[in-house]
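Structure first, commentary second.
Just so it is clear, none of the values below were taken in a lab; they were calculated from the coordinates. Remember, predicted model here, so these are calculated numbers, not experimental data. Virtual Cβ from ideal backbone geometry, glycine too; neighbours counted across all protein chains shown.
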Amino acid sequence: MGVGKRHSLALASAPLMAMLYASAPVIAQDEPDTGAQTSDPMSATYPRVDPPFAETFEPFATPRPDLQIPPSAVDLGTFDPPLEPRETVRSLGTGVASYYGRRFHGRRTANGERFNMNAMTAAHKTLPFGTKVRVTNSSNGRSVVVRINDRGPFIRGRTIDLSRGAATRIGMISRGHARVKMEIID
């Protein structure tokens with residue numbers, strides 16, 4: 001920045017500085033007026049009178065009694081909040097579920113991710129990866145939602161292989177397998 005530009009900036013800000021420093025003397029609220037000017041105008045205490053909170057807002061206009069509201073008008077206070085979208089459920093029928101765990105923990109699944117025996121995942125022969133399936137144990141009614149991330153089971157008569165964590169949730173660890181009802185959740 002050249003000398004000329006700095007000089008013009010100083011000249012432009014001179015009136016502003018003069019207004020700030022040439023203000024009237026400020027007297028503290030609790031001190032008597034001795035006529036002495038305080039050294040720092042920013043540290044002075046100004047008398048403060050706050051209006052009541054309600055008076056700080058502009059009042060709403062009251063509805064006119066002669067105003068005719070058409071019968072087609074909608075009262076916005078009567079609306080119910082929007083409903084959450086319901087999940088769509090398609091039945092896959094029933095089958096036999098088994099589980100797999102410790103021996104496969106940390107290995108790669110068919111979709112490429114690492115198998116976590118405590119996650120809510122499952123293996124199915126044909127369902128696309130990422131499909132969410134609600135598996136309900138027919139003997140006790142407990143259910144769990146699992147995500148398909150692997151292929152299997154490769155044992156005849158088995159329909160779905162749950163991770164150990166999912167199998168624990170529906171109470172089939174002691175037997176090792178259970179008759180289940182399966183539903184796809186969209």
At R0 = 25 Å, FRET efficiency that the Cβ-Cβ distance of Phe154 and Arg107 yields, to 0.05
0.95
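What FRET efficiency do you get for Thr56 and Thr78 if R0 is 25 Å and r is their Cβ-Cβ distance, rounded to the nearest 0.05?
On the way: r = 31 Å, r/R0 = 1.26.
Between Thr56 and Thr78 the formula returns 0.20.
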Just need the relative contact order of segment 71-180 here, percent rounded to a whole number, with Cα pairs under 8 Å and 6+ apart.
33
